[in-house]
Structures are given as structure tokens and as C-alpha cells.
Amino acid sequence: MQPLKKIVLASGNKGKLREFNALFSPLNIELISQHALDIPDAPEPHPTFIENALTKARHASLLSGLPAIADDSGICVTALHGEPGIHSARYAQAADGTRSDTANNQKLIAALQAVTDRSAWYVAVLVLVTRPEDPQPVIAECMWSGELLDAPRGDHGFGYDPYFYLPEQGCTAAELAPEIKNKISHRGQAMQLMIRQLQARGLIAPRCGLVVSA
């Protein structure tokens, strides 16, 4: 296979674009947001992260004519039986379709007011297709465990990060320096797993010189 040179990110989320750019920068791969190509968001009708990620990747690849990578991710809360899960980005979506991190967080914390078990985990599923009909997409899935706080802490990150407390680090995801978060987060771990698969398939140029630990 030919090494990847340009990939479309099947998302217009600025936070995700920032994180993916940081993760792809050592690979000599140009990353383009699908919104920069006027590609609309794909529908996400499926009940699983992996199905939605695959749908988004194929959609972006079909409309761009380029390889595409999609991320479907969310936060799952033990006391809420895994919710908001795949609905994380639209958990508190308004009737007119408006979404905001603030509204999502307020709804989630309100749902946990009488709950003592605050354990939660982030899920990230990455799917890369080299073409729309790719029969062997590259798939990577990882989780990141933590607890939910009642009040936000930190100015970095996005989504539920200010409320997602990491006992081992003694801080929230939003208090982590971006370079640290990109190494240990659900998305960072999934990206490292994907990179190993891309290397094994010859989709990353050897000249990038990237060394990924096992």
C-alpha cells in the first residue's frame, strides 16, 4: 500500500481537530477537517460507537475522494447505566439542534446529584478508511477511567473534561497539559494503537521516523 499523505477528519469539532493535528503532526500527514471541504456531518443512527465511526469515515471519504478518519467517542457513567454514551455530544441538545458543552455538563451533573458512585469512563473509537468501500478499515478502541466532580476544574480540553477527575493524576482532564492529555487520554491511546496498525500495513511512510511503544 502507498503511505498516507492526506486524510480528511470526519468532524468539525474544533477540540477534536486540535487534538488530531497534534497527534498527526509527527507523521508527515496533512489532516483536513471535512468542514473545510464543505462536507456535511454524517447521520449517526447506530447504537454503537464503532458503527457510527465507520459511517462517518465512509461518508467523508466518499464526498472528498480521500482517505478519512473518524472518531466516535463519549463518556459513559456507571450510575447511569453507560449513558450518555453515544449521545454524549448531543446529550442536552435543544429542539432547534443547538448543542453546547455547558448544557451537556449541566444536565449530566444534575442527573448525579443524589448519586454516590461517580465512576465514569471515556470511550474513543477511531476508524480509518483508505477509500469509501474499504473492506478492511483500520479500527482502534480505548477507554479512560475516572470520576465525575460536581464543579468544573481546569481550562484545557473540551466536552466533559473539566468534570472528569483522574485519581492517578490528582487532577481533571481539563487541568492536564495538552501534550500529557494526548498521551494518556482515550483518544491518545486509541491513536497510538492505530499508528501501530498503520505502520504494520505500510500506510505510514518510514521517513516519518515515528517510534511507538508497545
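Could you tell me whether any residue of segment 65-77 is at negative phi and in a helix (DSSP H, G or I)?
No, segment 65-77 contains no residue that is at negative phi and in a helix (DSSP H, G or I).
Out of segment 177-201, which residues are closer than 21 Å to A89 by Cα and surrounded by 18 or more Cβ atoms within 10 Å (Cβ to Cβ)?
K181, N182, S185, H186, R187, G188, Q189, A190, M191
Taking segment 61-79, which residues are hydrophobic (A, V, I, L, M, F, W, C) and surrounded by fewer than 17 Cβ atoms within 10 Å (Cβ to Cβ)?
Those that are hydrophobic (A, V, I, L, M, F, W, C) and surrounded by fewer than 17 Cβ atoms within 10 Å (Cβ to Cβ): L62, A79.
Could you figure out which of (1) in a helix (DSSP H, G or I); (2) over 18 Å from T130 (Cα atoms) isn't true of F24?
The number of the failed condition is (2).
Within segment 12-60, work out how many residues are of a type in the set (F, W, Y) and either surrounded by fewer than 20 Cβ atoms within 10 Å (Cβ to Cβ) or farther than 23 Å from Q197 by Cβ (or both).
1
Taking segment 78-114 as the region of interest, how many residues are in a helix (DSSP H, G or I), among the hydrophobic types (A, V, I, L, M, F, W, C) and more than 20 Å from S145 (Cα to Cα)?
Summing the residues that are in a helix (DSSP H, G or I), among the hydrophobic types (A, V, I, L, M, F, W, C) and more than 20 Å from S145 (Cα to Cα) in segment 78-114 gives 2.
For E168, work out the one condition from (1) in a helix (DSSP H, G or I); (2) modelled with pLDDT of 90 or more it doesn't fulfil.
Checking E168 against (1) in a helix (DSSP H, G or I); (2) modelled with pLDDT of 90 or more, the one that fails is (1).
Looking only at segment 80-126, filter to residues that are in contact (Cβ under 8 Å) with a residue 12 or more places away in the chain and β-branched (V, I, T); which one of those is surrounded by the fewest Cβ atoms within 10 Å (Cβ to Cβ)?
Among those residues, the one meeting the criterion is V115.
Would you point out which residue out of I180, I184 is β-branched (V, I, T) and in contact with a strand residue (DSSP E or B) (Cβ under 8 Å, 6 or more places away or on another chain)?
The unique qualifying residue is I184.
Take V138 and tell me if it is modelled with pLDDT under 90 and among the aliphatic types (A, V, I, L, M).
no
Which residues, taken from segment 135-146, are more than 17 Å from D71 (Cα to Cα) and not in a strand (DSSP E or B)?
Correct list: P135 only.
The values are calculated or read from the model by the stated rules, or taken from the named source; none is laboratory data. Only a predicted model underlies this, so the values are computations on that prediction, with no experimental measurement involved. Positions of Cβ are generated from backbone atoms using ideal geometry, with glycine treated the same way; all protein chains shown enter the neighbour counts.
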